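The values are calculated or read from the model by the stated rules, or taken from the named source; none is laboratory data. Bear in mind that the values here come from a model prediction, so they are computed numbers and not experimental data. Backbone-built Cβ (ideal geometry, glycine too); neighbour counts: all protein chains shown. Just so you know, the surface numbers come from the protein's heavy atoms only, side chains and all, with ligands and any DNA or RNA stripped out. Shrake-Rupley method; radii C 1.70, N 1.55, O 1.52, S 1.80 Å.
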Amino acid sequence: MSALQFEAASWLPCPNSPEEHQAGVDAVTRWVRQQERRTGARSVLLTDTFGVDDEISAIGPYQRGSTYFSARNGGPATRGPVLVYRPTRRLLKVAQGMALSAICVWELVPPVLGWAGQVHALNLSTGQTTVPHPALADHLDRLVWAGNNGYHDKPGRRDARRILGEIADQGLLDQDISSALAAHGLSTSALDNVDKFITSLSTRKGLVI
């Protein structure tokens, strides 16, 4: 199963200071404006709950029900860029269903490094395209295949644990496996199960992730 692909994708890592926050707002604003011009369509803001920092609101302004949506109800698919503000896993899944062309993810918790690598998103803090570790591809393909039932059945759990063990043996558990799987359309419950497997594996092997 191939990862979802967009005409344009970007992400902003969680800022570590007020200065990084403001620089991030400026970078997001430039990217969103560029994509609005490219697509000829207004941007849409998506948040987990209504309410954002004033700087983000200034990018719009966004209006509830037309250009501003929450995870609870989502919104229609849109040609314009979708700005996903500090998404939960559920929100990221909703956003991927809405974005027909362009998507920008402002990271907080959980991280989205794995997702960014799978969709080759532009890192707005560095200006570089994010790419996954080359050794991860085969493992991830098999992990996606094993998760066709969300890792709820016995074979899925067995295979996931084996594949994650192989990933751990290669020192790749720091590649944000869960959000990488999100780019392949797996359910949030599947990602939660993977997190549990990784936690169990890390505890057993004494790994720090």
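Residue by residue, here is whether (1) farther than 21 Å from E7 by Cβ; (2) open to solvent by 10 Å² or more (accessible area, probe 1.4 Å); (3) assigned to a helix (DSSP H, G or I) holds:
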| site | (1), (2), (3) |
| --- | --- |
| A116 | no, no, yes |
| P132 | no, yes, no |
| L143 | yes, no, yes |
| R158 | yes, yes, yes |
| A168 | yes, yes, yes |
| L191 | yes, no, yes |
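Given (1) open to solvent by less than 50 Å² (accessible area, probe 1.4 Å); (2) under 27 Å from Q5 (Cα atoms), identify the lone condition not met by N148.
For N148, the exception is condition (1).
Give the number of residues within the range 97-147 that are touching a Gly at 6+ places or on another chain (Cβ under 8 Å) and closer than 18 Å to V28 by Cβ.
Counting residues in the range 97-147 that are touching a Gly at 6+ places or on another chain (Cβ under 8 Å) and closer than 18 Å to V28 by Cβ gives 7.
Looking at the range 46-76, which of its residues are in contact (Cβ under 8 Å) with a residue 40 or more places away in the chain and in contact with a Pro (Cβ under 9 Å, 6 or more places away or on another chain)?
Initially, the range 46-76 is screened for residues in contact (Cβ under 8 Å) with a residue 40 or more places away in the chain, giving 46-48, 56.
Of everything in the range 46-76, those that are in contact (Cβ under 8 Å) with a residue 40 or more places away in the chain and in contact with a Pro (Cβ under 9 Å, 6 or more places away or on another chain) turn out to be L46, T47, D48.
Does any residue of the range 62-71 turn out to be in contact with a helix residue (DSSP H, G or I) (Cβ under 7 Å, 6 or more places away or on another chain) and among the hydroxyl-bearing types (S, T, Y)?
no
Please go through the range 61-91 and give me each residue that is open to solvent by 10 Å² or more (accessible area, probe 1.4 Å), closer than 24 Å to H21 by Cβ and of a type in the set (A, V, I, L, M, F, W, C), ordered by number.
Correct list: F69 only.
Of all strands (runs of 3 or more DSSP E) completely enclosed by the range 8-113, which ones contain at least 3 residues that are not small (G, A, S)?
Passing ranges, in order: 44-47, 82-85, 102-106.
Give me the pairs: first residue in the range 92-111 and touching a residue at least 40 places away in the same chain (Cβ under 8 Å), second residue acidic (D, E) and surrounded by fewer than 19 Cβ atoms within 10 Å (Cβ to Cβ), beta-carbon distance under 8 Å, and six or more apart or on different chains, which are they?
The qualifying pairs are S101/E7; A102/E7.
Six or more apart or on different chains, Cβ atoms under 7 Å: show the pairs whose first residue is in the range 16-45 and in contact (Cβ under 8 Å) with a residue 40 or more places away in the chain and whose second is surrounded by fewer than 19 Cβ atoms within 10 Å (Cβ to Cβ) and of a type in the set (D, E).
Pairs that qualify, where the first residue is in contact (Cβ under 8 Å) with a residue 40 or more places away in the chain and the partner is surrounded by fewer than 19 Cβ atoms within 10 Å (Cβ to Cβ) and of a type in the set (D, E), are S43/E36.
State all residues of the range 122-146 that are in contact (Cβ under 8 Å) with a residue 12 or more places away in the chain and more than 27 Å from G165 (Cα to Cα); if no residue qualifies, say none.
L122, N123, L124, S125
Quick one: which of S202, S187 is at pLDDT below 90 and either open to solvent by less than 50 Å² (accessible area, probe 1.4 Å) or of a type in the set (D, E) (or both)?
Selected residue: S202, the only one of S202, S187 that is at pLDDT below 90 and either open to solvent by less than 50 Å² (accessible area, probe 1.4 Å) or of a type in the set (D, E) (or both).
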